[in-house]
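Written below as structure tokens is the structure these notes are about.
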Amino acid sequence: MNEILTCSPYIIAGLKDMGDLPEKKKRNEGKIVPITPEDILSATSKYLNIPIEKILLKGGKRSVIYARKICVYLLRIYTDNSLNKIKEILNHALTDHTSVLHCEVFIRTQISGKRPNKDIIHDLEAIVQIVKSIETIKFNSINNN
């Protein structure tokens, strides 16, 4: 299990080449455009067609819980937030930091191993591409100012 946690998130996810999106931040010409939790929530909401408000509420249908797990996984990879901070970002939709950790481990186990879940890998790839486009728009607006 420790081997998985020390690998690149792209290797863990079994994802294809993600282009120029670094793990934590996008750098260009000395300016940094951080990937924010709002970007990840927005991209997940847009791709899975679930309102952000539902992702931030406790409980919910299976599709809402799945979206929340995807958000937790991406927040752990692309931000420096602690487990408790992620719980706060998700408006306490998860009971404590161990619930956050469970979500992350669930996605990791689904996408790695002998029989990775291709649907989850596909969803992660699509959401990361949306986040990448949001970051490009933000970067361009910074450069135009």
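No lab work stands behind these numbers, since they all come straight from the coordinates. Computed from a prediction, not measured in an experiment: that's the story for all the values here. FYI the Cβ positions are ideal-geometry reconstructions off the backbone, even for glycines, and counts take in every protein chain you see.
For I35, which sequence-distant residues (separation of 5 or more, or a different chain) have an amide H within less than 5 Å of its own amide H, given hydrogens modelled in the peptide plane?
K26
Okay, which of segment 57-84 sit inside 16 Å, backbone N to the point 7 Å along the Cα-Cβ direction of D119?
Output list for this probe position: 61-70.
Once you have all Cα-Cα distances for segment 37-135, histogram them in 10 Å bins from zero and send the whole-percent values.
Each 10 Å bin holds this share of Cα pairs: 17, 53, 29, 1.
Trypsin sites (Lys or Arg not before Pro) within segment 36-145: which are DSSP loop residues with at most 10 other Cβ atoms inside 10 Å? Before the final figure, lay out each step's value.
On the way: sites: K46, K54, K58, K61, R62, R68, K69, R76, K85, K87, R108, K114, K118, K132, K138; in loops: K58, K61, K114.
Passing both the DSSP loop test and the Cβ count: K61, K114.
Using each residue's phi in segment 73-88, evaluate 6.51 cos²θ - 1.76 cosθ + 1.60 at θ = phi - 60° and report the 3J(HN,Hα) Karplus result to the nearest Hz, with x for Gly and Pro.
Once rounded to whole Hz, the list reads 4, 5, 5, 5, 6, 9, 10, 9, 6, 6, 4, 5, 5, 5, 4, 5.
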